[in-house]
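> Structure in structure tokens, see below.
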Amino acid sequence: MARFDRYVLSRFIMLFGFFALVLVSVYWLNRAVILFDRLIADGHSAAVVLEFTALSLPNVVKLVLPIAAFAGTVYVTNRLSAESELTVVQATGFSPWRLAHPALYFGLLVAVIMSVLTHFLVPQSLGQLRQREVELSRSISAKLVREGVFLHPASGVTFFIREITDDGELRDVLLDDRRTEDRTVTYTAQSAYLLRVEESVRLVMVNGLAQTLNKETNRLSTTQFDDVTYDITAMLSGRVGRVERLYSTSTWRLMFDKEAVAEETKSTLGEVGEELHMRFQQPLLGLVAAMIGFSSLMIGGYSRFGVGKQIVFAIFLLVVVKLVEGSIVTPIRSDETLWPLIYLPSLVGFGMVATLLHSASKPFRPARRRKDHDEVPA
């Protein structure tokens, strides 16, 4: 690698790291705030919030890396152009194609990093995150055992506990069940206990009253009881889905066990194919973003007014690539044989890069001056 290539590549990597750090911090902080509100509201500790934000980090990094690569390439190329470094190097005989080598090396480096993320780190972290979500959703204490708070563990259910003793007794319990359309049942009890029986969880209420309101006749009937057992398993597992999901399935299984994966995740073969090929397509977008950022700034030549127009044009091209990516999702999910369309955004991006570099490689031709019709006497 030439010394100039190493110099430009080092600057690309440095600015890429800076933009990636900033974008990941902003995106991750926003994600952490949402998780904090949701998990703390469910009664979980700050350690659980920290664990969840850490597990979501690889996916956040995967999302922001192409943007960071684009921003770093545009910034460095703009600085090189503003300081006339590119002009000097071009004067030595370097063509735009030759100048694109550092951007190509940099894009390939970003693609390798994204490949590691999409094929290994992200599926494992999201799988672990999903597993922890299932475990927490099955937690009795996080959902029901909170004193002095009206809780809604399931749609149409309200639960309240006035006090929880040290030995686990729940005192002054209210359970309002409105899940049945034609009637509402409200249980009040002096005390209650939570018991786990095999795979089910039951609430045993002692010394209470059950009030049943028939909505059709608008009649209220009451029943006093010494003890009654109420199965709350459905409440605790209402928000629990399947642990296995496409995004947490390994690439190996997506490639060689499509039918089984589709059945386990209740997905179509088109969705399985989309997830598989997107793991190869997304690293290519990192390369495309870097190359578009560089090649767009190579057109137009040096200007004292900067390259603002070229930067806007580069952003526009990147938006076009993302629009192409969004337009192919529906056809691929409906027909698995259309999986080659997944790579269309990258092909469009590489076509843009080749066109821009070819345009920048054309020799400069000054405008012909209009010849005077009248001859100037010697």
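> Which condition breaks for VAL64 when tested against (1) at pLDDT 90 or above; (2) under 20 Å from VAL307 (Cα atoms)?
Answer for VAL64: the failing condition is (2).
> List the residue pairs whose Cβ atoms are under 8 Å apart, where the first residue sits in the range 203-218 and is farther than 16 Å from ASP231 by Cα, the second is open to solvent by 40 Å² or more (accessible area, probe 1.4 Å) and in a loop (DSSP other than H, G, I, E, B), and the two are 6 or more positions apart or on different chains.
Close Cβ pairs (under 8 Å, with a partner that is open to solvent by 40 Å² or more (accessible area, probe 1.4 Å) and in a loop (DSSP other than H, G, I, E, B)) amount to ASN214/ASP182; LYS215/GLU181; LYS215/ASP182; GLU216/ASP182.
> Inspect the range 289-298 for any residue being within 24 Å of ARG98 (Cβ to Cβ), modelled with pLDDT under 90 and open to solvent by less than 40 Å² (accessible area, probe 1.4 Å) and give the result as yes or no. If you could, list the steps in order and put the result at the bottom.
Of the range 289-298, the ones within 24 Å of ARG98 (Cβ to Cβ) are 289-298.
Within this subset, residues satisfying the condition of being modelled with pLDDT under 90 are 298.
Applying the additional criterion that residues be open to solvent by less than 40 Å² (accessible area, probe 1.4 Å) yields 298.
Yes: the range 289-298 contains one or more residues that are within 24 Å of ARG98 (Cβ to Cβ), modelled with pLDDT under 90 and open to solvent by less than 40 Å² (accessible area, probe 1.4 Å).
> Still on this structure, please answer the following. Since GLU199 meets every condition but one in (1) touching a helix residue (DSSP H, G or I) at 6+ places or on another chain (Cβ under 8 Å); (2) at pLDDT 90 or above; (3) of a type in the set (Asp, Glu), which condition does it not meet?
(2)
> Considering only residues of the range 159-175 that are open to solvent by 20 Å² or more (accessible area, probe 1.4 Å) and within 41 Å of the chain's Cα centre (by Cα), which is farthest from VAL185 (Cα to Cα)?
The selected residue is GLY168.
> Quickly run through the range 307-327 and pick out the residues that are buried (at least 18 other Cβ atoms within 10 Å of the Cβ) and farther than 16 Å from LEU287 by Cβ.
Of the residues in the range 307-327, the ones buried (at least 18 other Cβ atoms within 10 Å of the Cβ) are 307, 310, 314, 317-318, 321, 325.
Result: VAL307, GLN310.
> Here is a further query. Return the residues of the range 68-111 that are over 22 Å from ALA354 (Cβ atoms), open to solvent by less than 70 Å² (accessible area, probe 1.4 Å) and without any contact (Cβ under 8 Å) to a residue 60 or more places away in the chain; say none if nothing qualifies.
Hits for the range 68-111 are ALA68, GLU85.
> Among the numbered conditions (1) open to solvent by less than 70 Å² (accessible area, probe 1.4 Å); (2) under 15 Å from the mean Cα position of the chain (by Cα), tell me where GLN124 comes up short.
Every listed condition holds for GLN124 apart from (1).
> To continue, here is another question. Could you go through the range 186-193 and let me know if any residue there is open to solvent by 80 Å² or more (accessible area, probe 1.4 Å) and either modelled with pLDDT of 85 or more or part of a loop (DSSP other than H, G, I, E, B) (or both).
Among the residues of the range 186-193, at least one is open to solvent by 80 Å² or more (accessible area, probe 1.4 Å) and either modelled with pLDDT of 85 or more or part of a loop (DSSP other than H, G, I, E, B) (or both), which makes the answer yes.
> Based on what the data block shows, is VAL307 without any contact (Cβ under 8 Å) to a residue 24 or more places away in the chain, of a type in the set (Val, Ile, Thr) and under 30 Å from SER95 (Cα atoms)?
Criteria not met by VAL307.
> Another one. Mind counting the residues in the range 232-276 that are at pLDDT below 80 and either over 25 Å from SER327 (Cβ atoms) or acidic (Asp, Glu) (or both)? Before the answer, list the steps.
The first filter runs over the range 232-276 and keeps only residues at pLDDT below 80, leaving 232-245.
From what's left, either over 25 Å from SER327 (Cβ atoms) or acidic (Asp, Glu) (or both): 232-244.
Counting residues in the range 232-276 that are at pLDDT below 80 and either over 25 Å from SER327 (Cβ atoms) or acidic (Asp, Glu) (or both) gives 13.
> In addition: Out of the range 151-178, which residues are on the phi < 0 side of the Ramachandran plot, in a loop (DSSP other than H, G, I, E, B), at pLDDT below 85 and not polar (S, T, N, Q)?
Within the range 151-178, HIS152, PRO153, ALA154, ASP166, ASP167 qualify.
The values are calculated or read from the model by the stated rules, or taken from the named source; none is laboratory data. These numbers were taken from a predicted model, which means no experiment stands behind them. For neighbour counting, all protein chains shown are included, and Cβ atoms are generated from backbone atoms with ideal geometry for every residue, glycine included. In case anyone asks, the SASA skips ligands and DNA or RNA and just uses the protein heavy atoms, side chains included. Shrake-Rupley method; radii C 1.70, N 1.55, O 1.52, S 1.80 Å.
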